[in-house]
Amino acid sequence: MSIHKTEAIIINKFDFRETSIIANFYTRDFGKISGLLKGIRQEPKKFASTLEPFSLNEIIFYRKRNSTLHLVSQCDIKDNFSGIRQDMLKAGAGGIVTELIHAVMPQEDINEEIFNLVLEVLKELEVYHDAAKITTMFKIKLLALSGFKPHFDSCVCCDAKIMGQSRFSILMGGLLCEQCSSKDFKARSIFRGTVASILHIERSPFRNALTLGMNPQIKRELDFVLNSFLNFHLGKKLKSESVVDALKAFSLAAK
Ligand SMILES: [Zn+2]
């Protein structure tokens, strides 16, 4: 057993037996890890953090060699991102961020670039007005950095450069050129502006990408393409995504 200290974002937590909690953390130095916090429900002050989802903490843990469940001995809060928690749509977006990390990242797969992306996204969510735009940008960036991304640079089938009209195939995970469009009859045509926006966001620093203007038509298509791709590959719709959809419908109805 070895002892380690690292920065950790809380993904989720659940009760374990009568007194303890198991939490999933996304850490800077070890990727996604699971940790047991013994006795925290019996003595809530034993740890200097209440382990709120998407809060940033510093943890000390004993790493077990023959298990993926490690023993967390200390958990100190560094940033609770209270600016996110005061707004339901922002809190929902925070939920999407952690749920996606949990779904996409393999256990104990270190990726500091993705860790920094998550931190930047949470910091921006606190101050930026449009939570939905941040969520869309995060999905594009995460897919690109995790290597899980749809193929948008050329035809996914023959690798030809796409000049004219293209179609997006969820099944094949990318764009099809006109010649290959018969390979998937369910592929749907996609605006050039949508493809250009995705490529621009993939290649730009997060904050610069946020300044990109998008017309509502492209924004709708972008969300449709990203969510269809994610739902297909994850085999489910994210729970937090359904919560945000319900919140949006509720706030529209209240207007
Ligand atoms: Zn092709």
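Worth a mention:
- Selection status of Ser228, in the same structural domain as Ala103 (by TED's automatic domain parsing), out of contact with any helix residue (DSSP H, G or I) (no Cβ under 6 Å at 6 or more places or on another chain) and either within 24 Å of Lys248 (Cα to Cα) or open to solvent by 40 Å² or more (accessible area, probe 1.4 Å) (or both): yes
- Search result, residues across segment 161-179 that are open to solvent by 40 Å² or more (accessible area, probe 1.4 Å), part of a loop (DSSP other than H, G, I, E, B) and within 15 Å of the ligand (Cβ to nearest atom): Lys161, Met163, Gln165, Leu171, Met172, Glu178, Gln179
- Residue list for segment 183-195, restricted to those being near the ligand (Cβ under 10 Å from one of its atoms) and of a type in the set (Ser, Thr, Tyr): none
Each row is one residue, and each column tells you yes or no for (1) in contact with a Leu (Cβ under 8 Å, 6 or more places away or on another chain); (2) over 26 Å from Met105 (Cα atoms); (3) at pLDDT 95 or above.
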{"residue": "Ala144", "(1), (2), (3)": "no, no, no"}
{"residue": "Gln165", "(1), (2), (3)": "no, yes, no"}
{"residue": "Lys186", "(1), (2), (3)": "yes, yes, no"}
{"residue": "Gly193", "(1), (2), (3)": "no, yes, no"}
{"residue": "Leu199", "(1), (2), (3)": "no, no, no"}
{"residue": "Gly213", "(1), (2), (3)": "no, yes, no"}
{"residue": "Gln217", "(1), (2), (3)": "no, yes, no"}
{"residue": "Asp223", "(1), (2), (3)": "no, no, no"}
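- One residue alone among Val72, Val127 is away from the ligand (no atom under 16 Å from the Cβ) and open to solvent by less than 60 Å² (accessible area, probe 1.4 Å), and that residue is Val72.
- Count of residues meeting criterion [open to solvent by less than 30 Å² (accessible area, probe 1.4 Å) and without any contact (Cβ under 8 Å) to a residue 40 or more places away in the chain] in segment 26-50: 7
The values are calculated or read from the model by the stated rules, or taken from the named source; none is laboratory data. Worth saying up front: this structure is predicted, and the values here are computed from it rather than measured. When we count neighbours, we look across all protein chains shown, and the Cβ atoms used for this are built from the backbone with ideal geometry, even at glycine. Only protein heavy atoms, including side chains, enter the accessible area calculation; ligands, DNA and RNA are left aside. Shrake-Rupley method; radii C 1.70, N 1.55, O 1.52, S 1.80 Å.
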